[in-house]
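See below for the structure under consideration.
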Amino acid sequence: MSEPAASELTPPDPLPPSASRRFDRLLSFLNRHPLLLPIGSFAFGIGSFLLVQRGEHLARVMAVIALLGWPWLLAEGALGRWIARRSRGRLPVATARFLTQQAQQELLFFSLPFLFTAMQWVPGQMLFVALAALLAVASALDPVYWHRIAPNAALSMGFHAGCTFVAALVILPIAVHLPAETALPIAFGITGLTLLVSLPHLIRSTDDPRSRRRRLAYGALLALLLTIGWLLRAAIPPAGLWVRDARIATEISGNTPGPAVTSVDQTTLADGLIAFVAVRAPQGLSQAVIFEWWHDGAIVDRIPAQISGGREAGFRTYSRKLNFGAAPAGKWRVDLRTPQDQLIARRVFEVR
């Protein structure tokens, strides 16, 4: 099979005269306002995020709507040919590419607010969110998308995979209430399936044996990157979880902690210290968490806990540490993580 003709990969702005008038008017309107769909998708994501914080069931409905974009991404090529046949030539095959671009914009811009709020200011999570934002921007810039990504079968496959992973990571906890330790491996699995489904088309899209070998190597590279991503999964924000409050305190009454402290003397440790968190999660979500106590770069305690979603101010829980050892002086930190090691919150303090 030869490479698709360049005309098939041109944005379907100047549709042929036989094209549907309604579709033609829609495309003309969208081309006059190219930022309308990205802004709308981003607003859709922000609205969903705010509804999740309020515990509204409508947020789940909005997540399910976003979820409907996945089947299209997996079957874009076949659907494009089906559209062309059903329209009897009135709509070009490139219509599928145009609709794919809109689905990717919806999924990516929907996901960004949830990733931003889950992100901790650590390099790995900041880099992941920056890459997700870069994908979203690329999907909204027609010159980049149509002249760099879409004509390149290998780049297009990688772009599909990245979009699928980001969307799965965010939507699964909201739409089906999967905890992070379940949603994360499923997101990797769905992305691997996307690559597997796309690889035969990638290889068959050229008759040049050398190009086929290069594309096969590219597919293997993406699989390797997916494996590396799993090993570095701690750098992925736990989308859907939002820290309302996190502090180290010397006392707690019920579930109300005392003032936050960043430095304590050793005499204070006799009554122990409290690592307190209030974490907002989607309604219906039950999430396991782990408090990790670190001293001078070495972990000294791992204490499991559980949080539940739906509370406006966040689900409150804490870890009380009483035994600090014979030489407690130094730098301490407490990390709140998921069972897959994703960082939810971090607080540091010093013992003098």
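Please treat every number below as a calculation from the coordinates, not as lab data. Source: prediction; values computed, not measured. A quick note on method: Cβ atoms are made from the backbone with ideal geometry, for glycine too, and the neighbour counts reach across all protein chains shown.
Amide H contacts under 5 Å for residue 289: 305, 306, 307, restricted to partners 5 or more places along the chain or on a different chain, H placed in the peptide plane at 1.01 Å from N. Between residue 230 and residue 263, how many nm apart are label points set 7 Å from Cα along the C-beta direction? About 4.6 nm separates the two model spin labels.
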